[in-house]
1. Which one of these does Leu81 not meet: (1) buried (at least 22 other Cβ atoms within 10 Å of the Cβ); (2) within 16 Å of the chain's Cα centre (by Cα); (3) not small (Gly, Ala, Ser)?
2. Where in region 13-74 are there helices (runs of 4 or more DSSP H), lying fully within it, with 3 or more residues that are over 20 Å from Gly142 (Cβ atoms)?
3. Kindly indicate the residue of region 112-153 that is of a type in the set (Ser, Thr, Tyr) and outside any helix (DSSP H, G or I) and also farthest from the ligand (Cβ to nearest atom) among those meeting that condition.
4. Give the residues of region 170-197 that are closer than 22 Å to Arg154 by Cα and among the β-branched types (Val, Ile, Thr), sorted by residue number.
5. Could you please find all residues in region 178-223 being within 14 Å of the ligand (Cβ to nearest atom) and of a type in the set (Lys, Arg)?
6. For region 269-278, indicate whether the set of residues that are out of contact with any Gly (no Cβ under 7 Å at 6 or more places or on another chain), free of Cβ contacts under 8 Å to residues at least 24 places away in the same chain and not in a loop (DSSP other than H, G, I, E, B) is non-empty.
7. Under 7 Å between Cβ atoms, which residue pairs at least 6 apart in sequence (or on different chains) link something in region 133-155 that is closer than 13 Å to Glu187 by Cα with a partner that is of a type in the set (Phe, Trp, Tyr)?
8. Go through region 75-111 and count every residue that is among the charged types (D, E, K, R) and away from the ligand (no atom under 15 Å from the Cβ).
Amino acid sequence: MPVTAVEKRNQLMRDGFCIFENVLEPEMVAKLNAMSEWTIAQEDEEHFERHRSQGCIIPYWKYPHPAFPELIAHPGALGALAQLGFDNPKVWSGFVISKPPHSPPLYWHQDGVLWEHPISYTDQPQQYFLMYYLVDTSPQNGCLRLIPGSHLKRHALHDMDRRAHDGDEVGRAKDMNHPAFQKAEDEVDVPVRAGDVVIGDARLLHSAHANQSDQWRTVLTIWYWAIYDELPEAVQAIVAEHVTGTADWVAWAERTDPAVQALIPRYLGDVEAVPWGRGPKEGLF
Ligand SMILES: O=C(O)CCC(=O)C(=O)O
């Protein structure tokens, strides 16, 4: 029986993630695969070495390509967010993340940046990833794994000494005995089909299996703030500063796809931005 939008929203709030199927049409998946291959080809060996655990992670403004603004403003993606009750989202960032054939797992991490602000310790909708896998995924080729509910509840992995995406020893996948690579209590696999989108809370603990297949396993991530206009001003300020701080990219994307304009967060007040906070404090139980 199909899962209703209300059930998906309940799952997103409770478990921290939900899935919308067939959001991207096959032609769009093909276009994004071509864009990803082109983007990946721009990177040098050192990038892949530094990010061995991820495969590669390339922000969409580094090598501008018209398919990215198109994905950011994709009606299927915005429609999925609207069905969840988020009809005025704002964009934050996005990446091409691709695991080469026969590459190691991604480490456990969460991507919340507001842990210095009380909002992170509430169930108010905040920052979400939209993950588009461009091949069908399974535990064999590196599907997503996550710990349901970990956006609201403390887990032993929160206290592991490791930040996300900083290209260190864990990022280089030097020591596969590190806790960041182990099977975690309560983890679940999230296999999907190319064209589906996984929507998840930035605070959710997640990772990905090793890619044991002969093919690249690419995921495109785009991050949105679900209810930007309703967030405290100190949060609006940090979000807008982060996005418009990459002003060249913003101007280019708006020109390339005018639908992106409505998605750029803008803050015109004078409240100081909350400082970045990458990890949960005692307030997460
Ligand atoms: O590579 C994946 O499957 C997940 C990517 C990820 O964890 C992230 O973008 O934060």
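1. Condition (1) is where Leu81 drops out.
2. It comes to 26-41, 67-72.
3. Restricting to residues being of a type in the set (Ser, Thr, Tyr) and outside any helix (DSSP H, G or I), the top hit is Thr122.
4. Hits for region 170-197 are Val170, Val188, Val190.
5. Those that are within 14 Å of the ligand (Cβ to nearest atom) and of a type in the set (Lys, Arg): Arg203, Arg217.
6. No.
7. These pairs meet every condition: Leu146/Phe17.
8. The total comes to 2.
Values in this text are rule-based calculations from the coordinates and carry no lab data. The structure presented is a predicted model; accordingly, all values stated were derived computationally and were not measured. Virtual Cβ from ideal backbone geometry, glycine too; neighbours counted across all protein chains shown.
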